[in-house]
Structure formats: structure tokens, C-alpha cells
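Encoded as C-alpha cells, the structure appears first; notes follow it.
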Amino acid sequence: MLQIHFSNRFEVLTRQLLDRLGAQGSNPFAAEQLIVPSSAVRRSVTLAIAEAHGICANVEFSYLAPWLWRQMGMLLQDVAPESPFVPAVLTWRVYAALSDSTFVCAHPRLASYVGGADDVMRFELANRIAGLLDQYITYRPDWLDAWRQNRTVDVGTGADSELADERWQAALWRKLATAAGGAAPDCGTSFIEALGRSNPLQARASGLASCAHVFALPTMPALHIAWLQQMGRLLDVHVYVLNPCQEFWFELIDRRRLGHLALRGRAQHHEEGNRLLAAWGRQTQAYVDGLVDSAGVGATDDGDFRPNDAGTLLATLQNSILELIELAPGSTALAADDRSLEVHVCHSLTRELEVLQDHLLGLFASGAVQHPSEILVVTPDLEAAAPLIEAVFGTAPRDRHIPYTVSGRARSTVNAPARALLTLLSLVASRFNASAVFSVLQQDIVARRFNLDGDALQRVHDWLRSSGTRWGLDGPHRASFGVPGTTDHTWVDGLDRLFLGYALPTQVVEPFADLLPAGDAEGSEALALGALWQFLVHLRALHSAVATARQPQSWRGLLLDAIDGFMSPVGDELDDLGELLAAIRELGQTMQRGGLGDAGARPVPLSIVRAALEQQLDDPVRGGVPTGGVTFSSMSSLRSLPFRVVCVIGLNDGVFPSAMRPLEFDLMALQPRRGDRQRRTDERNLLLDLLLAARHSLYLSHTGRSVRDNAPLPPSVPISELLDMLIPAIAEDPSSPDSLAQARRR
């Protein structure tokens, strides 16, 4: 049976989950099936289980789409253990199709996108197309079925460009479906039919579990809901849903949409209810409504909603959302010490962090917060904020130091072996500028491999300047860039001069064999010179090796050899190296599954391998996780997890929600349906989730003044919406401009 459990509190859902895990009568030898939305939720649930039972064991964590595919493989024959249509695999199949000139030329609209693109641009286009096809698989299976049968679909206005986009996408899908196996795209329909034919005993014999728990997913496509509903006939499926409102709120629409419908006489049965819930909660609204409607008659649902009894402004706001009421003007009186919801206006992101630091220190001093782990700080652009976080929080004196961790950054920038390898791969395909070569050599993990300490690196730097080394390995290498192939100022020339400076007496001012000595290395300094020579030998060998496109397995071996030849990790770098090796292994497997290892497949050039490896390392699925200190993370990494204090910084106009537009060839954007994932809707819902996740206080900040002339700058639109609702509510006299201004300052 499909059972839906609603609550507005993550802690309540967690307790319900713990009560059902390992319930009496379950098979002790079968792993509990637990589907989670992110690594952060997985970590939170793991710790909760361990705290309740002393250990978290015999629990199999999964993400929804891969888990459903595995269940499909248990009931259907000839279904691969892993889906051939995951975006990472699909990217390589699309890339191969875009490299097929015959296919591309048959579709002028597609040729206009591909024309003039280099390998990396073609790979990036393939990656975006694969992501779009993944959305079609999840939200438009009817389109894909029609395309496989050579039928067209209604995608919009019927403009020539739209019809052309549909033609090449339909042809591409047929090509991909054929390459992946003719029956594979029909697995969803076959799965539904197989579930209908089976009984619980047959399902157990096929390997299906007796129970599954789907926990705290922020959204779920209708296709997956339908599959879960059918699986509920054969096993117990528990779906735990964070629902911000205990009332029936599925007919709510925001004020602008309500006015639009009212002008056309179509506003019946619609209301705004709570304006924040209507404006920010559209994604959750569509998800919960679709889940209830699609679950069917056999499903059951229950709710355990808990109001916030703190009596603060934040609690009042959260309860108004829970109870679906609007905060009336003048209805909320604030206590003198109520600082549960604050909006700070600053002159820059650096200043935002400085103000935040003072605010957190005040919380610790007042006793409102006992431990740094109770605080979450999120920002729309974590990569831009990370260096500033280090500058502000990392340089604080001991008496003002707050333990913190920046979690969820791109691994290609914080993983030392990965950063060294990616820089190295960029270097060997470049002009070998002296500064670029030295920047690789001076990375600790590389310098250690060649026994160079700080003093030795400084000597090498001085030698390179005195030798006149600028760029190019040698004459032929320089000639490959369309310039005269002389050896002047190349690495060959520079090393010869440095060796000559070591071999000849110091202060020799006359040329020897048409070369002037440089560097004047003496005695043990020659060890650093030898290390520099050895480093260049390795670089030259790697430069020659990567010049030729290779098959995936060959690239895997070459990358491993490069790591062994250029790096010497120690301490925490060993764990980072393990992560890099796993990423290389996963990349190789993905390329193989994408058809690049098949007979006749085109070899892959270095530029594509480097771009794909960086993308593999920066996979957002890795995300951030809660830590023992103040956790700085991206907006979505720790979505819905409760914290005593939630801080959101960098909420500037145009930054959040982001201004990213749909792809030009995105047909879903032309014909949106209820429940589709849209970036701006998702980001607004993120802010609602963060507001509801705060247990004690919510802190918001944005750059609201120009650092140059102090001119006012607008905040993010959601911040304006929040203030427009709260200011009249807390004003003593909402009809008085002075009272409203005082409330805004408050």
C-alpha cells in the first residue's frame, strides 16, 4: 500500500521514519530501502538512526530514479542494471551524434548550433541536450513515445523554428533509443504492466523488497508517482512529505495571477490565502497536489503538523503559513527583544560577512545558540563567497574565532590532487608559458614529488627569470603556433643556459657555444636544477602522450600515470586522491556505457577528457553536508534540514532568483505543465524551505548600497515580497507613513 505522511517539521518525519524502520515482522536479513533527495539528508538520517539504535546498519540508501530503475530490472527481462538514459551516459551518446556530420547536416537547425563549434563547445552542447532529454524522459514520456513512432507533438505556436527544433530532437531521440536498445525506452510501460500482473509473493521472489521509504523529497515527477502507486499494490511504500500548510491550499495562486484571472472572470475557486505561500511555494504545491491526486483510492495519507509556539515574529510567520492565514496589518506586536527575523542592508558581500560574524558572536554571547553546528549560512553563489568567507572568518583573532566549514564547494577547486591534475592537463595543451609551468611546479603536492622546498622553489623562480625563459618547449613546439620556430627563450634554451651556468665558473660574461650562462647554480643547488630538468622531462613526455586522441581505457591509464609521475600526496591529500581516482574510474565507466568503447567509436581528445573530468568532480549531487561548526553552503545543498539559526546572504536583485533562461530549443518551456521543474520557481521554494527550517531565528542580508556612491540598490524580489507583508503587520498604525517607516527600521 502507498502511504503518504505529511508534516511541516523535518524532525517529526524523522521520528516517524525511525518508528517504522526495523518494525516487527520485517525481514532482518533484508536491507531497509530508504530513498533520499541528497547526501545531506542521508547524513542526517544516518546520524538519527545511529543515535536511536546505537548504529546505522542494514539500510540501503538510494536516489529515487536509480532505485526505480533497479526495481524495474527485477521484474523485466533484458533491462540493464543501470539506466542507459542517465544524463552522464546520455551526454556521450549525444556527443557522438553531434560528431556525425551526416546526421547533423540533415537538420539545418541543429547544424546552426553545431557549426563552428570546437570539441569542448560540442561537448558542452551535448551536455545541455542530454540534460534536456532527461527532463523529457521524466516529464514528457508521451512526447518520446510519439517521436519513436514518427509522430509529431504539439509544442507551441507552430513557428518554423519550433517545428525545426522538434524535428531534430525527435530524430536524435530515435537515434539514441536505437543505440541503447530498442525496448529500453518502453521499460516504463512494461514496468507498469508487469506490476499489474504480479502478486506480492511473485514480487518477493523477483527480488522486490517488502517495504520502501521515500523520505523528504522536495518534488517528484508524475511518472515516478505513478510507478510508486503501482508498486504500492505489491509492497508497502511510505512517502514522507514536508508540507508547509495543514489546510487544503492547492487552489492558491499568487496575487498577480489572481488579478489576471479576475479580469477574465476565471477567479472562482481560487484565492491567495497566504501571499508568501502562494508566491514562494508553487513547486511544493504542485508536488503535494499531484501526489495526492495521483496516489489513487488505495493510498492513505496522514498528517502530523506542529505549530511554532515561540511567540516571535518568525514563529508567527511560520504559523500563518501553516494555518493558511494572512498577517493582517497591525496584527503583530513585537517584543522589545524579538530579533527572530532580521534583514540587513550592506555595501558589499565582504561587509555582509563582517556583519554576519558580529551577529553570530552576539548570539553566542546571549546564550541563544550553544553550539556552532546549530547555525547554517547559505548563499546563491558559494564559489564567489568562499574566498571572502576565509578572509573574514578565517582571520579572526582567537577570542572572536567561530569554528566553521565551507561545505559543498566544487571539488575541482578544493581537492588538491584534482586541482593539480586539471591544471597539468591544461598546461600540456598550452604554450608552456614560464609562469604557467612554475605555477604547477609550486603546488605543494607537485613540488613534494620533485623534492623542492620553499627555498628551492624560490631559486628556480630566480633562475627562470635570469635565463630569459618565456614560452615554448623548443623550436618545433613554437612553430606549431604559427610563429618562427626559433629556440630563443624556449625551455630548451633556458635549461641549456642554466646548465652552462652550473658547469662554468661564476661571472662568465662571454658566450660559450653561442649561449650565455645563467643562474650560476653551485654545489647542492644543482639538486633543484636537476629537479627542474626532471619536471620538464615528465612534462614533455605527457605533452607528447596527450597529443593523440584516445579511447576511454587508454585515457584512464594515462591519467593514472600522470598522477603517479607528478604528485606525492600526504595527510588529507590521500583522501582527496582517493576521491580523484574514484572520479577517473567513474568517468571511464560512463564513457564506456556511452558507447565510446564500442568498436568503431571515435577516440576522444584531451580537451574533452579534461572538461568531462572537471564536470565529474563538480557533480552537484555530491553537495554539502552539515558539519560540527557553522556550515556555509549553497542554497540547495542542505534543503529542508532544520537548524536553530538559518542565515541567507547575498540576496541581491538579479542574483536570486537567478536570471538563467531556458535553452533556446527547450520545447518544455513552450508548453509548460503543472509540476514541471522550473529554476526560478524552484529557487523561490528554496527560500520558503529555509524560512520554515529556522527554529530560532532567520537572518537575511543583501547588498543594498553602492560601495562607490552609497546609492540604494534593490534587494532580491522575494525579500521585497517578505517585507511588503511583514512591515504593515508589525506597524502600530498601518495607515500612517511614519509608522510604516518606523516598522521598516525595526
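The values are calculated or read from the model by the stated rules, or taken from the named source; none is laboratory data. Everything numeric here is computed off the predicted structure, so don't read it as measured data. Positions of Cβ are generated from backbone atoms using ideal geometry, with glycine treated the same way; all protein chains shown enter the neighbour counts. Note: areas computed on protein heavy atoms with side chains; ligands, DNA, RNA excluded. Shrake-Rupley method; radii C 1.70, N 1.55, O 1.52, S 1.80 Å.
In table form, for the structure just shown:
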| quantity | calculated |
| --- | --- |
| Qualifying residues in the range 493-521 (those that are open to solvent by 50 Å² or more (accessible area, probe 1.4 Å) and not in a loop (DSSP other than H, G, I, E, B)) - the one nearest to Leu539 (Cα to Cα) | Asp496 |
| Test: residue in the range 321-331 that is within 16 Å of Arg644 (Cα to Cα), out of contact with any strand residue (DSSP E or B) (no Cβ under 6 Å at 6 or more places or on another chain) and open to solvent by less than 30 Å² (accessible area, probe 1.4 Å) | no |
| Pick from the range 372-385, criterion hydrophobic (A, V, I, L, M, F, W, C) and not in a strand (DSSP E or B), ranking: most open to solvent (accessible area, probe 1.4 Å) | Ala384 |
| Conditions (1) open to solvent by 40 Å² or more (accessible area, probe 1.4 Å); (2) outside any loop (DSSP other than H, G, I, E, B); (3) in contact (Cβ under 8 Å) with a residue 60 or more places away in the chain; number of the one not met by Val570 | (2) |
| Those helices (runs of 4 or more DSSP H) lying entirely in the range 152-244 with at least 3 residues within 18 Å of Asp142 (Cβ to Cβ) and touching a strand residue (DSSP E or B) at 6+ places or on another chain (Cβ under 7 Å) | none |
| Pick from the range 92-125, criterion of a type in the set (Ser, Thr, Tyr) and loosely packed, with under 15 Cβ neighbours inside 10 Å, ranking: nearest to Thr548 (Cα to Cα) | Ser101 |
| Within the range 130-179, tally of residues that are open to solvent by less than 30 Å² (accessible area, probe 1.4 Å), under 17 Å from Phe103 (Cα atoms) and in contact (Cβ under 8 Å) with a residue 60 or more places away in the chain | 7 |
| Some residue of the range 369-377 being touching a Gly at 6+ places or on another chain (Cβ under 8 Å) and not acidic (Asp, Glu) | yes |
| Among (1) hydrophobic (A, V, I, L, M, F, W, C); (2) farther than 30 Å from Gln33 by Cβ; (3) open to solvent by 20 Å² or more (accessible area, probe 1.4 Å), the one test that Trp69 misses | (2) |
| Test: Val369 is open to solvent by less than 40 Å² (accessible area, probe 1.4 Å), under 11 Å from Val630 (Cβ atoms) and more than 29 Å from the chain's Cα centre (by Cα) | yes |
| Tally, over the range 393-405, of residues that are of a type outside the set (Phe, Trp, Tyr), within 26 Å of Pro620 (Cα to Cα) and either open to solvent by less than 30 Å² (accessible area, probe 1.4 Å) or without any contact (Cβ under 8 Å) to a residue 24 or more places away in the chain (or both) | 1 |
| Set Glu573, Glu522: member being within 19 Å of Asn451 (Cα to Cα) and in contact with a Ser or Thr (Cβ under 9 Å, 6 or more places away or on another chain) | Glu522 |
| Whichever residue in the range 440-470 is assigned to a helix (DSSP H, G or I) and acidic (Asp, Glu) and, among such residues, is nearest to His538 (Cα to Cα) | Asp444 |
| Condition met for Ser340 (of a type in the set (Gly, Ala, Ser) and in contact with a helix residue (DSSP H, G or I) (Cβ under 6 Å, 6 or more places away or on another chain)) | yes |
| Helices (runs of 4 or more DSSP H) contained entirely in the range 1-106, each with at least 1 residues that are within 28 Å of the chain's Cα centre (by Cα) | 10-20, 39-53, 64-75, 87-98 |
| Extreme residue, farthest from Leu559 (Cα to Cα), among residues of the range 585-607 that are surrounded by fewer than 20 Cβ atoms within 10 Å (Cβ to Cβ) and among the hydrophobic types (A, V, I, L, M, F, W, C) | Ala599 |
| Within the range 332-357, considering residues that are in contact with a strand residue (DSSP E or B) (Cβ under 9 Å, 6 or more places away or on another chain) and of a type in the set (D, E, K, R), the one least open to solvent (accessible area, probe 1.4 Å) | Glu352 |
| Cβ-Cβ under 8 Å pairs, at least 6 apart or on other chains, the range 445-458 side at negative phi, far side assigned to a helix (DSSP H, G or I) and among the acidic types (Asp, Glu) | Ile445/Glu573 |
| Arg43, sole failed condition from (1) open to solvent by 70 Å² or more (accessible area, probe 1.4 Å); (2) out of contact with any Phe, Trp or Tyr (no Cβ under 7 Å at 6 or more places or on another chain); (3) without any contact (Cβ under 8 Å) to a residue 60 or more places away in the chain | (3) |
| Of residues in the range 450-501 being over 14 Å from Leu527 (Cα atoms) and of a type in the set (Lys, Arg), the one farthest from the chain's Cα centre (by Cα) | Arg497 |
| Selected residue (criterion: nearest to Trp92 (Cα to Cα)) from residues of the range 602-618 that are touching a Lys or Arg at 6+ places or on another chain (Cβ under 8 Å) and in a loop (DSSP other than H, G, I, E, B) | Pro603 |
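Matching residues to (1) exposed (fewer than 15 other Cβ atoms within 10 Å of the Cβ); (2) within 29 Å of the chain's Cα centre (by Cα):
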{"residue": "Pro387", "(1), (2)": "yes, yes"}
{"residue": "Gly408", "(1), (2)": "no, yes"}
{"residue": "Ala418", "(1), (2)": "no, yes"}
{"residue": "Gln442", "(1), (2)": "no, no"}
{"residue": "Arg448", "(1), (2)": "no, no"}
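Listed here are the residues, each with its yes/no results for (1) modelled with pLDDT under 90; (2) over 24 Å from Leu17 (Cβ atoms).
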position: Ala203; (1), (2): yes, no
position: Cys211; (1), (2): no, no
position: Ala216; (1), (2): no, no
position: Met220; (1), (2): no, no
position: Leu252; (1), (2): yes, yes
position: Arg266; (1), (2): yes, yes
